1. Suppose R0 equals 51 Å. What FRET efficiency, 1/(1 + (r/R0)^6) with r the Cβ-Cβ distance, do B:GLU62 and A:GLU58 give to the nearest 0.05?
2. Restrict the search to the range A:92-163; then list the GluC sites (Glu not before Pro) that DSSP places in a loop and that have at most 11 other Cβ atoms within 10 Å of their Cβ.
3. Report the relative contact order of the range A:268-421, percent, no decimals, based on alpha-carbon pairs under 8 angstrom and at least 6 residues apart.
4. How large is the Rg to Rh ratio of the range A:137-262 when both quantities use alpha carbon positions and Rh follows Kirkwood?
5. From other protein chains only, count the Cβ atoms within 10 Å of every residue's Cβ in B:44-56, then give the mean.
6. How big is the Kirkwood radius of the range B:3-82, worked out from every pair of different alpha carbons and given in Å to one decimal?
7. I'd like the chymotrypsin sites (Phe, Trp or Tyr not before Pro) in the range A:52-115 restricted to DSSP loop residues with at most 16 other Cβ atoms within 10 Å, sorted by number.
8. Report the calculated FRET efficiency for A:GLU100 and B:LEU29 (r = Cβ-Cβ distance, R0 = 22 Å), to the nearest 0.05.
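What follows is calculated from the coordinates using simple rules that are stated; it is not laboratory data. What you are looking at is a predicted structure, and each value in this text was computed from that prediction instead of being measured. Methodologically, a virtual Cβ is constructed for each residue, glycine included, from the backbone with ideal geometry; neighbour enumeration extends over all protein chains shown.
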Amino acid sequence: MKKRVVITGLGVVSPNGVGVQEFTEAIKFGKSGIRFFPELRDLNFSCQLGGMPIISEEKKREYLSELQLRNFNSSGILYGIIAGMDALKDAQLQPAKNDEEPLWDLGIIFGSGTSGVEKFREAIYKIDDKNVRRLGSNSVAQTMTSGVSAYLGGLIGAGNMVTANSSACATGTEALLMGYEQIANGKATYMLCGSTSDSGPYIWGGFDAMKVTTYKYNDSPDEVAGPMSAEANGFVPGSGAGAYLLESLESAQKRNATIYAEILGGAVNNGGQRGEGSMTAPNGVAIQKCIKNALQSANISASEIDYINGHLTATIKDPDEIENWSLALDRKRVDFPYINSLKGMVGHCLAASGSIEIVSSIIQLHKGFIFPNVNCENLHPKITTLISSDKISTKLIKTSLQTIAKASFGFGDVNACAIFKKI
Amino acid sequence: MTSKEIFALLEPIIKTYLPEDVSAKEINLDSDLTRELNINSAHLVDIILDIEDVFSIEFKNEDMEKLRNVNDAILLIQQKTSD
């Protein structure tokens with residue numbers, strides 16, 4: 001018998017708000033975190049906009065000591081630490097004391113696309129300068145993929161599985177489902193899950209070169225065509241981190257914790273880079289299968305879904321995603337659930353997109369609202385033939401939600417879909 | 001440089017790497033850096049790099065093996081600065 005799993009803590013470091021409270025206000029009002037970066041202009045980027053959380057030096061010192069911040073140069077690890085520690089605190093759990101045993105029942109699955117790219121750059125310059133001995137002791141910890149989970153593991157004293165998953169833009173959703181399995185199978189009581197992504201030109205450059213980002217709004221960052229709009233022609237790269245503390249329902253009830261939502265189930269699959277799928281494009285058949293598998297795992301029917309938090313990146317692929325949801329759920333036009341995408345406000349936070357968007361989904365479910373789709377007044381014509389435009393609100397909707405779906409898709413033809421229910 | 005002059009420059013370097021529960025007052029000539037001052041052994045390489053910067057010297061791999069306590073560091077620095 002599988003254990004039921006719930007979410008009892010949230011943490012978020014988003015371009016439009018750091019901390020759950022600030023972030024909740026931001027998404028309600030459609031506040032944008034997309035800014036112009038002179039550095040990107042000077043480096044000849046096509047897209048000179050980005051989404052980057054604002055973290056003060058003072059804020060850093062609430063989480064890390066002077067010694068830990070010495071030669072620290074990994075924005076992704078910093079974001080992950082802030083989001084992760086906030087989620088733990090939100091769940092009213094304490095780290096193990098220094099003289100105590102590790103928390104054997106608490107594990108961490110916190111993913112990233114790549115870690116400490118700024119730190120790696122620093123190291124590469126020194127190595128090429130024949131000065132490898134000057135790297136110091138913290139180059140490895142900041143550049144290893146598991147850097148973020150390792151830092152969190154040490155701060156918390158986690159004694160269960162501590163690892164970092166990596167599945168491109170599906171990383172955060174996959175992390176949640178991996179943590180869910182760990183608790184459902186009775187291997188842990190608490191799992192801190194989430195994902196993070198570095199900021200800046202070294203992480204965003206590859207996407208700029210692929211021309212999947214938008215070059216049209218460098219002078220008007222508040223007007224970037226949002227996901228699902230007719231004008232959407234590429235995303236704005238973002239960064240940040242999202243985190244959730246997963247716990248067995250049993251344990252949450254025993255300690256009277258605030259329960260944000262139950263994770264009913266979910267699915268992860270791959271399009272195999274076959275059919276219309278490739279390294280960079282999704283296989284629609286696999287996406288539909290992933291959504292259907294998630295419903296089956298959650299043991300619910302498609303008609304129960306009230307709201308979808310889409311992957312929807314503001315590229316020409318958005319109409320295909322809507323079509324895949326419509327086919328997988330067998331629901332169309334006015335029968336289709338509400339749907340929105342956070343990327344209109346924060347850009348595409350890459351490896352962190354899934355986790356920041358899951359946090360936004362859980363907040364909406366818990367508080368009973370649907371945030372507005374930003375800069376999406378003029379919907380893509382193919383989308384309006386599939387679903388009713390009322391389902392893509394550009395205004396805040398206050399409504400009680402019961403069952404919701406979140407999916408993320410990524411390079412490598414990876415798909416992940418999770419189903420949550422109010423409890 | 002005298003031992004005293006070196007110690008005055010060395011103490012703030014070591015202090016940076018002390019764990020939060022160890023006071024700078026505990027730094028004396030005989031203090032074993034990892035065992036008594038509880039400095040994470042990975043930080044020994046950072047201490048060496050900081051010493052190199054402050055005293056404009058360079059350590060070799062063999063020198064690092066000799067570094068156990070504060071006095072070892074002072075002797076090595078004296079040796080290098082008089083070369």
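1. Between B:GLU62 and A:GLU58 the formula returns 0.75.
2. A:GLU100
3. Relative contact order comes out at 36 percent.
4. Rg/Rh: 1.07.
5. Going residue by residue through B:44-56 and averaging, the value is 2.
6. 12.5
7. Filter output for the range A:52-115: A:TRP104.
8. It comes out at approximately 0.05.
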